[in-house]
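In what follows, a structure is listed as structure tokens, so that the remarks can point back to it.
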Amino acid sequence: MTKGLVISGEFGNILAREKSGNKIELGELLIAKTSEGKILMQVFDLVYGSQLSQQNLELVSGLRLEEDTELELIDPKLRTYTLSKLKNILTIKNNKAMSPKTLPNFFSPVRDVTKEDFEFMSSHVPNALYFGDLRSGSKKLDVPIYLNGEKILSHHILICGTTGRGKSVLMSNLLWNIIDKDYCGMLVLDPHDEYYGRNKTGMKDHIQAKEKVEYFTPRNPPPGCRHLKFNIKQMLPHHFNGVVDWSDPQRQALYAYFKAYGRDWISSVLLEKEIEGVKFFEGTIAVIKRRLMQLLKLEVHNEEINCKGIFDLNLGEGTIKDIVNSLEETKTVIIDTSEFSENVEILIGSLIASEVLDRYKNYNFEDLKKKPVVSIVLEEAPRVLGKEVLEKGSNIFSTIAREGRKFKVGLTAITQLPSLIPRTILANMNTKIILGIEMKPERQALIESAAQDLSTDDRNIAALDKGEAIISSNFASFAMPIKIPFFDLIVKNEKQEHIPSFAGVKK
Ligand SMILES: Nc1ncnc2c1ncn2[C@@H]1O[C@H](COP(=O)(O)OP(=O)(O)OP(=O)(O)O)[C@@H](O)[C@H]1O
Ligand SMILES: [Mg+2]
């Protein structure tokens, strides 16, 4: 159905007049036909147009308001109308999509998109991961969006949106869809304890949860799940980068203890053991000791170390290795960090992420090819990837952001505030899933670092409703508007599919 006609404009800013009665929406996808094929366009702005001069418009409105007269100077359908500003996104020809290089003809009709227009996307996607359904404005289309999960995960994902717009719902969907995939393992640091679904719908409800989901928690692990414990002998001085802001003399002291006592360095600091031939300023050791004790919840009584938290002198020796093994077995490992301070959560992430990256770096090329991608899910990512933190020095997460993809280790970073992340890191996150964002500087940070040109999409992003998003990715043919399904509904529908009906036949 014709929704309007192209009337003027320029490349990337085409003006179309709307046919009366057709409410063209911001973000809507439209098609214009040309001799070169179909041109896919998207509405990025809407403005009023009129045949009447401003003076006449004021006259007509004045008569209506003051005299109650329905004066019409021209047929109302011709008199005033809406103009849509469109950007050309793709040229589609013979089921292939190309970057647009031409404009639609003057007076070309524009019409709604249909499922058939997107047949060019239906060819086989390797390691297909479902993100949601294509969306035109606020209308969901029957076009599921699959992208290459292995590529997307190893080249980092950024999920951003104002609070309450659906970041966690989207993350739950992705985790759910990934559980049974054999190309990746997911490590989820979960500060809100929301993904496993201890008391609500979550990954525990997946049909393969038993084999493929592991849950570590410091409190009352549900049956089959594990108590979270780490052994302090597994901790190295560099694990504290980005966790504790050491001064130079303090850092030197840490390394000196590690050199002298190896894996027993933490207990040696706590027991204030001497290092032969090395003299520290007294205050330095006292500060390190106090900070380590606070962070790791350790106490010293009568030359003995007592462990009060998850960091232990004797237990938890295999935790890190077990978790990394599970990730290599393409499992989803969820760690409940809801009870910990931010620093402890980051320390836990740092312990595991360092082991993953070290292990993957040590594989030779052929072995690495056979390994699954490992992606590390980070909520509130600027805590570890923020400019302020990184000014003090790099940490394992910024290292992964820069070089992880070479070793098949990626980040899935979630944030409300992308502008706090340095541009170089934002640019390295090759897939951005943008949900509704209210603050302009945040939208700007994304627009400037997106894989596709989103320079006219500011309004579109501001207008995104709950569950609506734009995927901009180096692995997508255009910046795709999507509607994200509601997680609880996905789970409910899948569960129904797995309940055999009375006839014994699957529904
Ligand atoms: N795709 C969706 N479809 C329908 N409703 C949704 C969708 N996504 C989110 N919602 C609704 O919005 C609520 C908030 O979503 P969610 O918790 O995912 O937001 P968030 O972006 O993670 O917020 P926060 O920044 O506070 O963590 C959900 O509880 C749900 O009611
Ligand atoms: Mg959330």
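Okay, residues lined up against (1) assigned to a helix (DSSP H, G or I); (2) modelled with pLDDT under 95; (3) hydrophobic (A, V, I, L, M, F, W, C):
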site	(1), (2), (3)
Val389	yes, yes, yes
Gly410	no, no, no
Leu426	yes, no, yes
Ile433	no, no, yes
Pro441	yes, no, no
Thr456	no, yes, no
Lys466	no, no, no
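Here region 73-102 is the region considered, the condition is being more than 18 Å from Ser122 (Cβ to Cβ) and among the small types (Gly, Ala, Ser), and the residue that is modelled with the lowest pLDDT is Ser99.
Out of Gly62, Gly49, Gly27, I need the residue that is in a loop (DSSP other than H, G, I, E, B) and small (Gly, Ala, Ser). Which one? Exactly one residue qualifies, and that residue is Gly27.
Condition check: touching a residue at least 12 places away in the same chain (Cβ under 8 Å) and surrounded by fewer than 17 Cβ atoms within 10 Å (Cβ to Cβ). Does Pro100 satisfy that? No, not satisfied. Given the criteria buried (at least 21 other Cβ atoms within 10 Å of the Cβ), among the aromatic types (Phe, Trp, Tyr), touching an Asp or Glu at 6+ places or on another chain (Cβ under 8 Å) and in contact (Cβ under 8 Å) with a residue 40 or more places away in the chain, does Phe240 qualify? Taking the combined requirement at face value, the residue does not satisfy it. Among the residues of region 181-191, is any outside any loop (DSSP other than H, G, I, E, B), in the same structural domain as Ser375 (by TED's automatic domain parsing), touching a Gly at 6+ places or on another chain (Cβ under 9 Å) and away from ligand 2 (no atom under 15 Å from the Cβ)? Yes, there is a match, as at least one residue in region 181-191 is outside any loop (DSSP other than H, G, I, E, B), in the same structural domain as Ser375 (by TED's automatic domain parsing), touching a Gly at 6+ places or on another chain (Cβ under 9 Å) and away from ligand 2 (no atom under 15 Å from the Cβ). From the list Arg402, Arg359, Arg383, the one residue that fits, being within 16 Å of ligand 1 (Cβ to nearest atom) and basic (Lys, Arg), is Arg383.
Results for (1) out of contact with any Phe, Trp or Tyr (no Cβ under 8 Å at 6 or more places or on another chain); (2) within 16 Å of ligand 1 (Cβ to nearest atom); (3) within 30 Å of Met439 (Cα to Cα), shown as yes or no for each residue.
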position	(1), (2), (3)
Ile178	yes, no, no
Gly185	yes, no, no
Lys200	yes, yes, no
Ala209	yes, no, no
Glu214	yes, no, no
His227	no, no, no
Phe230	no, no, no
Leu236	no, no, no
His239	yes, no, no
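Taking into account only those residues within region 62-97 that are surrounded by 12 or more Cβ atoms within 10 Å (Cβ to Cβ) and of a type in the set (Ser, Thr, Tyr), which is nearest to Ile31 (Cα to Cα)? Within region 62-97, the match that is nearest to Ile31 (Cα to Cα) is Thr91. For region 192-219, the tally of residues that are within 16 Å of ligand 2 (Cβ to nearest atom), under 21 Å from Lys495 (Cβ atoms) and under 21 Å from the mean Cα position of the chain (by Cα) stands at 7.
Taking region 120-175 as the range and being among the charged types (D, E, K, R), in a helix (DSSP H, G or I) and within 16 Å of ligand 2 (Cβ to nearest atom) as the test, only Lys167 passes. Just so you know, in region 384-425 the residues that are within 16 Å of ligand 2 (Cβ to nearest atom) and over 20 Å from Met186 (Cα atoms) include one that is surrounded by the most Cβ atoms within 10 Å (Cβ to Cβ), and it is Pro418.
For beta carbons closer than 8 Å, sequence separation of 6+ or different chains, a first residue in region 151-172 that is in the same structural domain as Asp190 (by TED's automatic domain parsing) and a second that is near ligand 1 (Cβ under 6 Å from one of its atoms) and among the aromatic types (Phe, Trp, Tyr), the qualifying pairs are Val169/Phe486. Scanning for something away from ligand 1 (no atom under 16 Å from the Cβ) and surrounded by fewer than 18 Cβ atoms within 10 Å (Cβ to Cβ), does region 161-171 turn up at least one residue? Looking for residues that are away from ligand 1 (no atom under 16 Å from the Cβ) and surrounded by fewer than 18 Cβ atoms within 10 Å (Cβ to Cβ), one finds none in region 161-171, hence no. Inside region 1-24, residues that are assigned to a strand (DSSP E or B) and among the hydrophobic types (A, V, I, L, M, F, W, C) make up a count of 6.
Within region 311-329, the set of residues being buried (at least 17 other Cβ atoms within 10 Å of the Cβ) and assigned to a helix (DSSP H, G or I) comprises Thr319, Ile320, Ile323, Val324, Ser326, Leu327. For region 200-214, the condition holds for at least one residue, the condition being that it is over 28 Å from Leu351 (Cα atoms), acidic (Asp, Glu) and not in a loop (DSSP other than H, G, I, E, B). Residue count for region 35-54 satisfying the condition of being over 27 Å from Ala469 (Cα atoms) and either surrounded by fewer than 16 Cβ atoms within 10 Å (Cβ to Cβ) or without any contact (Cβ under 8 Å) to a residue 40 or more places away in the chain (or both): 8. Restricting region 405-459 to residues that are of a type in the set (Val, Ile, Thr), under 23 Å from Lys85 (Cα atoms) and within 16 Å of ligand 1 (Cβ to nearest atom), the residue that is farthest from the chain's Cα centre (by Cα) is Ile437. Among what's in region 121-140 and is without any contact (Cβ under 8 Å) to a residue 60 or more places away in the chain and touching a strand residue (DSSP E or B) at 6+ places or on another chain (Cβ under 7 Å), pick the residue that is surrounded by the most Cβ atoms within 10 Å (Cβ to Cβ). Selected residue: Leu129.
The values are calculated or read from the model by the stated rules, or taken from the named source; none is laboratory data. All values reported here derive from a predicted model rather than from experimental measurement. For neighbour counting, all protein chains shown are included, and Cβ atoms are generated from backbone atoms with ideal geometry for every residue, glycine included.
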